[in-house]
Amino acid sequence: MSLTITEFRDEMGIITLDNDSKRNSLSSELIEEIISGLNYFKDNDARVAILRANKESKVFSAGHDINELAKPGRDPLSYNDPLEQVLRAIEHFPAPVIAMLNGSVWGGATELIFTCDIIIATRKATLALTPARIGVPYNPNGILHFLNMLSISVVKELFYTAQPLSAERAEQLGIINHLVAEEELETYTFALAEKIKKNAPLSIAVMKEQLRLLSKASPLSPETFERIQGLRRTVYDSNDYKEGIQAFLEKREPVFKGN
């Protein structure tokens, strides 16, 4: 059974997350369908793509499928992790990707949204970074995504508290491009997509790639990179990482001891 709905019409691609029973968690299967949809749009010269959930969905996505996280002792967000693959697929997609939000976004799905080029949302939308709830060490590229959009003080608050950010505050911080009424979400999003379609696709593709490259233009020294990886390894080798995943699966509050 398909976990997404892929549509292509008039040079516009639409991917709808369609696994509400699992709160659209980012399983490897669902991610594979998103990537497949983006590749299909690319092959058909799409000028814009829209990523959305079903209209009635209260949760856009619950984030990374916890059942698929790496076992303790292995990096849970390595370069080849499915979540990392779909983020790169969005980044390298040659046309703008619009995120259309009408529900809550959690964990890794928040980075998925941040990776999109434009975010349009209703007041029901919230965004939460939740790795600290389950003891996951976030990866450097992911943290850089957030630092490129927000001040370091806001990024710290989001990671440390793991609390949802309201749509209103997200708009104030410049995360959400447009905050619209629920009944206007589709109309507004499609109208914006039509405006993008009228512009020169090659010009947009080149500017998107320039923006991607320039946002990562400050390289880390090998020593700094090794230091970061060592810090992360301390977490995914820890008892807290084991406890966080086990508590989530057992649907109870974790008891973290800092070791």
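Here is how the numbers come out for the structure above:
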read-out	value
Unmet requirement for Pro254, which otherwise passes all of (1) outside any loop (DSSP other than H, G, I, E, B); (2) surrounded by 13 or more Cβ atoms within 10 Å (Cβ to Cβ)	(1)
Among (1) free of Cβ contacts under 8 Å to residues at least 24 places away in the same chain; (2) of a type in the set (Ser, Thr, Tyr); (3) not in a loop (DSSP other than H, G, I, E, B), the one test that Ser36 misses	(1)
Of the criteria (1) in contact with a strand residue (DSSP E or B) (Cβ under 9 Å, 6 or more places away or on another chain); (2) surrounded by fewer than 23 Cβ atoms within 10 Å (Cβ to Cβ); (3) in a helix (DSSP H, G or I), which one Phe159 fails	(1)
Whichever residue in the stretch 183-209 is part of a helix (DSSP H, G or I) and polar (S, T, N, Q) and, among such residues, is surrounded by the most Cβ atoms within 10 Å (Cβ to Cβ)	Thr189
Hits in the stretch 111-149 - residues which are in a loop (DSSP other than H, G, I, E, B), surrounded by fewer than 19 Cβ atoms within 10 Å (Cβ to Cβ) and without any contact (Cβ under 8 Å) to a residue 40 or more places away in the chain	Met149
Some residue of the stretch 164-176 being in a loop (DSSP other than H, G, I, E, B), touching a strand residue (DSSP E or B) at 6+ places or on another chain (Cβ under 8 Å), more than 27 Å from Lys195 (Cα to Cα) and at pLDDT 95 or above	yes
Criterion (in contact with a Phe, Trp or Tyr (Cβ under 6 Å, 6 or more places away or on another chain) and without any contact (Cβ under 8 Å) to a residue 24 or more places away in the chain) met by exactly one of Val206, Val255, Val155	Val155
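The values are calculated or read from the model by the stated rules, or taken from the named source; none is laboratory data. A quick note: this is a predicted structure, and the numbers were derived from the prediction, not measured. Using ideal geometry, Cβ is built from the backbone for each residue, glycine included, and neighbour counts are taken over all protein chains shown.
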